[in-house]
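No lab work stands behind these numbers, since they all come straight from the coordinates. Model, not experiment: these values are computed from the prediction. FYI the Cβ positions are ideal-geometry reconstructions off the backbone, even for glycines, and counts take in every protein chain you see.
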Amino acid sequence: MKFFSLFTQELAIDLGTANTLIIQDGKIVVDEPSIVAIDRKTGQTIAVGHKAMQMHEKTHESIKTVRPLKDGVIADFTAAENMIKGMIQMIGKRRRLFSHLKMVICIPSGITEVEKRAVFESADHVDSKETYLIYEPLAAALGIGLDVEEPVGNMVIDIGGGTTEIAVIALSGIVCDQSIRIAGDEFTSDIMTYMRHQHNILIGERTAEKIKIEVGSALTELDNPPDDIAVNGRDLMTGIPKQITVNYSEIAGCLDKSISKVEDAVLKALEATPPELAADIYKTGIYLTGGGALLRGLDKRIAQRTRLTVHVADDPLRAVVRGTGIALKNTDRFSFLIDRKNV
Ligand SMILES: Nc1ncnc2c1ncn2[C@@H]1O[C@H](COP(=O)(O)OP(=O)(O)O)[C@@H](O)[C@H]1O
Ligand SMILES: [Mg+2]
């Protein structure tokens, strides 16, 4: 057994729309934005992850940046594969000759059979000998520390970059789920639109994301409000760079519509939940994960709307990869893992 493990490399990969994380030997060894920079002429990948993100929105005509999974589907198969390759290479040359590579890859639950096959193929191309896929809500539930095998219903809401996935999990399966394309990216674009209309200032995606993280809020009144921040952009009237001050209440106002859509989807998922499981959720409450769970006041707002207890997972940006890591250690036990024969 020991001999065998010496020649095995095991990876748990969270292939997120915004961030890709990899766990090896129980440690997070990769945590990078899901983006690649490509040379338009040769089609070659120039950079992956943080390096590619630094180029984002600053490219010239011969370079483009691509987020291969932007909307929860694989928009660009080649870019997705090159991204996976690049991220695995970041771990370094720890692979030995004849090593047996085993991977569990977490995927958005909305992806199609064709996309699943493409993920398996990409795994083949990095020489994986044993590959499993896991749906994001199950990985999130495992990462939160829920016992997914029990005959007890739990509701998990994962608010990522491209999609919000709302799922009720019981007996090792997803009983009902809702996936909507309103999540962190949409919040960011709401902020860009608001800045243009309200303050006549053009800002980029990264500045908008910074605003969201620093003063973003789901409620117009918070108990512990963040300080106002200064924002730089280009004045629409004069064309000259300018600076304005932004406070959290106005950001809460501009995010209101999108957050309502998330709430509506949560209510829809609750309505679709079989009564015995609904009774469980009444007791256990709702769990929030994904980067969107960090938005100030979101837990409170969902709690007010649903009248249920809402828990924010510890370290919500990493719950899914931690859960995928748990799945990796239990590939012979968890029946919900998808292997090649299932697709
Ligand atoms: N503190 C924060 N407040 C609000 N949103 C955040 C915060 N931190 C990260 N996010 C957002 O979370 C999203 C990424 O979450 P993540 O769970 O990594 O997504 P995915 O699983 O789709 O890759 C991004 O839209 C990012 O802007
Ligand atoms: Mg995710």
Inset, instruction - Label segment 256-343 by shape, choosing from rounded, prolate and oblate, from the square roots a ≥ b ≥ c of the eigenvalues of the Cα gyration tensor; if a/c is under 1.5 it is rounded, and otherwise prolate applies when a/b is larger than b/c, oblate when it is not. - result: prolate
Inset, instruction - Provide the FRET efficiency to the nearest 0.05 for the K268-N330 pair, computing r from the beta carbons and using R0 = 41 Å. - result: 0.80
Legend entry - Kirkwood Rh in Å, taken over segment 95-211 so that all alpha-carbon pairs contribute: 16.9 Å
Legend entry - Principal axis dimensions, largest first and in whole angstrom, of segment 163-277 by Cα: 59, 29, 21
Inset, instruction - Using only Cα atoms, figure out Rg for segment 191-239 and give it as a multiple of 2.2 N^0.38 Å. - result: 1.22
Legend entry - Antiparallel DSSP beta bridges within the chain, as percent of all bridges there, nearest 5: 65 percent
Inset, instruction - Write down the Å³ per residue value for the convex hull defined by the alpha carbon atoms of segment 193-343. - result: 171 Å³
Legend entry - For peptides 179-191, 298-310, sequence by mean Cβ density within 10 Å, most packed first: 179-191, 298-310
Inset, instruction - With springs connecting C-alpha atoms under 10 Å apart, model the chain as a Gaussian network and identify which of A141, A319, A170 has the largest mean-square fluctuation. - result: A170
Inset, instruction - Quote the relative contact order of segment 184-254 in percent (integer), defining contacts as alpha-carbon pairs under 8 Å separated by 6+ residues. - result: 33 percent
Legend entry - Two-decimal log10 I(q)/I(0) for segment 37-131, as the Debye equation yields it once each C-alpha is a single scatterer, q = 0.19, 0.23 Å⁻¹: -0.99, -1.24
Inset, instruction - Eight or more residues apart or on different chains, and alpha-carbon atoms under 19 Å: count the Lys pairs in segment 187-305 matching that. - result: 10
Inset, instruction - Sequence neighbours fewer than 8 away in the same chain don't count; with that in mind, list the lysines whose C-alpha is under 25 Å from K85. - result: K27, K41, K51, K58, K64, K70, K93, K102, K116, K129, K329, K341
Legend entry - Inverse of mean 1/r across different Cα pairs in segment 7-75, Kirkwood, Å: 13.0 Å
Legend entry - Cα centre as origin, Lys/Arg/Asp/Glu Cβ charges: the chain dipole, Debye: 1020 debye
Legend entry - Among H50, Q178, G216 - extreme Cα towards positive end, dipole of the chain, charges at beta-carbon: H50
Inset, instruction - May I ask for the Rg/Rh ratio of the chain, computed from Cα atoms with Rh as the Kirkwood radius, given to two decimals? - result: 0.99
